[in-house]
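Student: Here you go, one structure.
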Amino acid sequence: MSATTHFVLPQSAIPTHWYNILADFPQPMPPPLHPGTQQPVTLADMTRIFPENLVMQEMSTERWIAIPQEVRDIYALWRPTPLLRAVRLEKALKTNCHIYYKYEGTSPAGSHKPNTAIPQAYYNKIAGTRRLATETGAGQWGSSLALACQLFGLECVVYMVRVSFQQKPYRKMLMQTWGATVHPSPSNNTEYGRKLLAENPDHCGSLGIAISEAVEDTLRSQNTKYALGSVLNHVCLHQTVIGLEAIEQMKLAGEEPDVVIGCVGGGSNFAGIALPYARQCIVEKKPVRIIAVEPTVCASLTAGELRYDFGDTAQTTPLIMMYTLGHDFVPPTIHAGGLRYHGMAPVVSHLAKLGLMEAVAYPQVKVFEAATLFARSEGIVPAPESAHAVRAAIDQATSTSQKKVILFNLSGHGLMDMSAYDAYLSGHLKDL
């Protein structure tokens, strides 16, 4: 227990640039395609729903993209986030491995999502946008964008997947506290939502459906743009502050990770921890194992196929090359609402295609078993999404007698997910 467990960087060490892995991929990524013409999308296509400055980031192959000072000033509310060594978990597991975790739950919204919500709101503000529409699964993205819009004086409307709207009322309240309007999706607020509710009034919703509603809202409303919490290149780009800080903090710890782990739904928090380490694999030839962890019931990397698909259910978004379960796939109502997405970020999909990462999948009971052990040893209650990374880290540490250095991203806390823990602790949580 005498080992140093807490590695903190000064505020001056907040990264000055985001890292864009498109500059270092040994093979270029396939371009997104227009849903009508099936031709590569143009700037004009994308600026129908996004501001031009963010579209330029989306399409950029520049390796380092400067973080505006206004964004860094707000990042300083919680960044740099701590890196901790889980010595109590190591003792509980009786492992020779050293387990580290980068803790993103210290942000005001309790997750990694403000890392991109803040810059997205900033770039929209300077582009003249007055209102942002978005989707959210578990509510972590919706609450983060609500916060960002409040800070930059923008109106925010959120379409929240209906099952999470019902399971996680406090996240809805958090969004409303920060001034957002929240609709359960499918909703009566859009033509597509009304169509689905007419077919099934008890529809549980999905991220694909919520995206369709947010895009429809964007296209019909004045001074409105769409903001996405995961999947797209510029979103993954903004999240690389996680891995860039972690590299510097691991230097303070005097170790380098053999294994880097992150949970994965659309791909943003995983990209945040993984892409700077993937650069080390590509450019510096370091033998780092990178592992993505997904739920078995929504396992796009381990059970999907790599092909062009729509990002939403109504087929209004560009077609993107990704591992997908199909845009009309509606996953079971697991508690890890942020991982219930049918597809995978193109940059993560390309990383997998190139063999630069691995993927594993777990059922939710095993995930909550690991989350509870982590909470009882380290004190932090993980979000159900983040608990997938905890599960994989534990399995990596207990599968060998050799000393490994394991780093995982604890992408958020679960203090607004206690109904899920109640279901697990009372024996009512089931694998779906």
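The values are calculated or read from the model by the stated rules, or taken from the named source; none is laboratory data. Treat the numbers as computed from the prediction; the structure is a model and nothing was measured. All Cβ positions, even for glycine, are placed from backbone atoms using ideal geometry, and neighbour counts span all protein chains on display.
Student: Cβ-Cβ below 7 Å, separation at least six or inter-chain, first residue in segment 311-327 and within 19 Å of LYS195 (Cα to Cα), second aromatic (Phe, Trp, Tyr) and in a strand (DSSP E or B): which pairs?
Tutor: THR317/PHE310; HIS327/PHE310
Student: Continuing with the same structure: Filter segment 167-179 down to residues that are within 20 Å of the chain's Cα centre (by Cα) and in a helix (DSSP H, G or I) and give me whichever is surrounded by the fewest Cβ atoms within 10 Å (Cβ to Cβ). Give the derivation first.
Tutor: Taking segment 167-179 as the starting set, the residues that turn out to be within 20 Å of the chain's Cα centre (by Cα) are 167-168, 170-172, 174-175.
Remaining after also requiring in a helix (DSSP H, G or I): 167, 170-172, 174-175.
On the way: GLN167: 19, TYR170: 15, ARG171: 28, LYS172: 23, LEU174: 23, MET175: 27.
That would be TYR170.
Student: Quick one: is PHE165 under 26 Å from ASN124 (Cα atoms), of a type in the set (Phe, Trp, Tyr) and without any contact (Cβ under 8 Å) to a residue 60 or more places away in the chain? Even if it seems obvious, please write down each step before you answer.
Tutor: Numbers: under 26 Å from ASN124 (Cα atoms): no; of a type in the set (Phe, Trp, Tyr): yes; without any contact (Cβ under 8 Å) to a residue 60 or more places away in the chain: yes.
So PHE165 does not fit the description; no.
Student: Right, ALA92: assigned to a loop (DSSP other than H, G, I, E, B) and either in contact with a Ser or Thr (Cβ under 6 Å, 6 or more places away or on another chain) or over 24 Å from HIS17 (Cβ atoms) (or both) or not?
Tutor: Values: assigned to a loop (DSSP other than H, G, I, E, B): no; either in contact with a Ser or Thr (Cβ under 6 Å, 6 or more places away or on another chain) or over 24 Å from HIS17 (Cβ atoms) (or both): yes.
So ALA92 does not fit the description; no.
Student: Under the condition of being of a type in the set (Ser, Thr, Tyr) and more than 25 Å from LEU83 (Cα to Cα), which residue from segment 112-156 is nearest to the chain's Cα centre (by Cα)? Lay out the reasoning, then the answer.
Tutor: The initial filter retains those residues of segment 112-156 that are of a type in the set (Ser, Thr, Tyr), namely 116, 122-123, 129, 134, 136, 143-144.
Remaining after also requiring more than 25 Å from LEU83 (Cα to Cα): 122-123, 129, 134, 136.
On the way: TYR122: 19, TYR123: 20, THR129: 24, THR134: 14, THR136: 11 Å.
Only one residue fits best here, namely THR136.
Student: Let me ask you something else. List, please: which pairs have Cβ atoms under 7 Å, are six or more places apart or on different chains, and start with a residue in segment 53-69 that is more than 22 Å from PRO318 (Cα to Cα) and end with one that is assigned to a helix (DSSP H, G or I)?
Tutor: Matching pairs, first to second residue: GLU62/ALA23; ARG63/ALA23; ILE65/GLN57; ILE65/LEU237; PRO68/TYR122.
Student: Follow-up. All but one of (1) without any contact (Cβ under 8 Å) to a residue 12 or more places away in the chain; (2) crowded, with 24+ Cβ neighbours inside 10 Å; (3) not hydroxyl-bearing (Ser, Thr, Tyr) hold for VAL390; which doesn't?
Tutor: So VAL390 meets the others, but not (1).
Student: Kindly check whether there is at least one residue in segment 180-193 that is aliphatic (A, V, I, L, M) and assigned to a helix (DSSP H, G or I).
Tutor: Filtering segment 180-193 down to residues aliphatic (A, V, I, L, M) leaves 180, 182.
Then keep just the ones that are assigned to a helix (DSSP H, G or I); that gives none.
No; the residues of segment 180-193 include none that is aliphatic (A, V, I, L, M) and assigned to a helix (DSSP H, G or I).
Student: Turning to a different aspect of this structure: Scan segment 154-174 residue by residue and report those that are within 13 Å of ALA133 (Cα to Cα) and either basic (Lys, Arg) or out of contact with any Pro (no Cβ under 7 Å at 6 or more places or on another chain) (or both). Let's see the steps before the verdict.
Tutor: Taking segment 154-174 and keeping what is within 13 Å of ALA133 (Cα to Cα), we get 154-160.
Passing the criteria: LEU154, GLU155, CYS156, VAL157, VAL158, TYR159.
Student: Let me ask something additional. Filter segment 300-315 down to residues that are within 23 Å of ASP45 (Cα to Cα) and surrounded by 18 or more Cβ atoms within 10 Å (Cβ to Cβ) and give me whichever is modelled with the highest pLDDT.
Tutor: The initial filter retains those residues of segment 300-315 that are within 23 Å of ASP45 (Cα to Cα), namely 307-315.
Right, trim to surrounded by 18 or more Cβ atoms within 10 Å (Cβ to Cβ) and you get 309-314.
Values: ASP309: 95, PHE310: 92, GLY311: 88, ASP312: 86, THR313: 86, ALA314: 86.
Among those that are within 23 Å of ASP45 (Cα to Cα) and surrounded by 18 or more Cβ atoms within 10 Å (Cβ to Cβ), it is ASP309.
Student: Which residue out of ALA138, ALA133 is among the aliphatic types (A, V, I, L, M) and not in a strand (DSSP E or B)?
Tutor: Exactly one of ALA138, ALA133 is among the aliphatic types (A, V, I, L, M) and not in a strand (DSSP E or B), namely ALA138.
Student: In segment 48-77, how many residues are over 13 Å from ALA148 (Cβ atoms), of a type in the set (A, V, I, L, M, F, W, C) and assigned to a loop (DSSP other than H, G, I, E, B)?
Tutor: Matching residues across segment 48-77 total 4.
Student: Also: Looking at VAL55, VAL87, which one is farther than 30 Å from GLU256 by Cα and among the β-branched types (Val, Ile, Thr)?
Tutor: Details: VAL87 fails: farther than 30 Å from GLU256 by Cα.
Checking each option against the conditions leaves just VAL55.
Matching residues to (1) part of a helix (DSSP H, G or I); (2) surrounded by 24 or more Cβ atoms within 10 Å (Cβ to Cβ):
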| residue | (1), (2) |
| --- | --- |
| ASP202 | no, no |
| LYS225 | no, yes |
| ILE242 | yes, yes |
| GLN249 | yes, no |
| LEU252 | yes, no |
| PRO257 | no, yes |
| ILE273 | yes, yes |
| PRO287 | no, no |
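Student: Let me ask something else. Do you know which residues across segment 197-221 are small (Gly, Ala, Ser) and either at pLDDT 95 or above or over 23 Å from the mean Cα position of the chain (by Cα) (or both)? Walk me through it before giving the result.
Tutor: Residues of segment 197-221 that are small (Gly, Ala, Ser), as a first pass: 198, 205-206, 208, 210, 212, 214, 221.
Residues satisfying the conditions are ALA198, ALA214, SER221.
Student: Moving on to the next point. Report yes if PRO30 is under 20 Å from the mean Cα position of the chain (by Cα), farther than 30 Å from GLN222 by Cβ and of a type outside the set (D, E, K, R), otherwise no.
Tutor: Numbers: under 20 Å from the mean Cα position of the chain (by Cα): no; farther than 30 Å from GLN222 by Cβ: yes; of a type outside the set (D, E, K, R): yes.
So PRO30 does not fit the description; no.
Student: Every residue in segment 190-247 that is β-branched (Val, Ile, Thr) and touching a residue at least 40 places away in the same chain (Cβ under 8 Å), please. Let's see the steps before the verdict.
Tutor: In the first step, residues of segment 190-247 are kept if they are β-branched (Val, Ile, Thr); the result is 190, 209, 211, 215, 218, 224, 231, 235, 240-242, 247.
Of everything in segment 190-247, those that are β-branched (Val, Ile, Thr) and touching a residue at least 40 places away in the same chain (Cβ under 8 Å) turn out to be ILE209, ILE211, VAL215, THR218, THR224, VAL231, VAL235, THR240, VAL241, ILE242.
Student: Can I ask one more? Return the only residue of VAL297, VAL288 being closer than 23 Å to ALA392 by Cβ and modelled with pLDDT under 95. I'd like the intermediate steps shown before the answer.
Tutor: Numbers: VAL288 fails: modelled with pLDDT under 95.
One residue alone meets the criteria, VAL297.
Student: If LEU145 satisfies every condition in (1) in contact (Cβ under 8 Å) with a residue 60 or more places away in the chain; (2) assigned to a helix (DSSP H, G or I); (3) touching an Asp or Glu at 6+ places or on another chain (Cβ under 7 Å) but one, which is the exception?
Tutor: In the conditions (1) in contact (Cβ under 8 Å) with a residue 60 or more places away in the chain; (2) assigned to a helix (DSSP H, G or I); (3) touching an Asp or Glu at 6+ places or on another chain (Cβ under 7 Å), LEU145 misses (3) alone.
Student: Report, by residue number, each residue of segment 222-245 that is under 12 Å from the mean Cα position of the chain (by Cα), under 19 Å from MET56 (Cα atoms) and among the β-branched types (Val, Ile, Thr).
Tutor: Listed by number, the residues that qualify are VAL231, VAL235, THR240.
Student: Then there's this: Here are the criteria: (1) modelled with pLDDT of 95 or more; (2) outside any loop (DSSP other than H, G, I, E, B); (3) of a type in the set (Gly, Ala, Ser). Tell me which single one SER164 does not satisfy.
Tutor: (1)
Student: Can you tell me how many residues in segment 21-39 are of a type in the set (S, T, N, Q) and touching a residue at least 40 places away in the same chain (Cβ under 8 Å)? Lay out the reasoning, then the answer.
Tutor: Initially, segment 21-39 is screened for residues of a type in the set (S, T, N, Q), giving 27, 37-39.
With the extra rule that they be touching a residue at least 40 places away in the same chain (Cβ under 8 Å), the set shrinks to 27, 38.
The total comes to 2.
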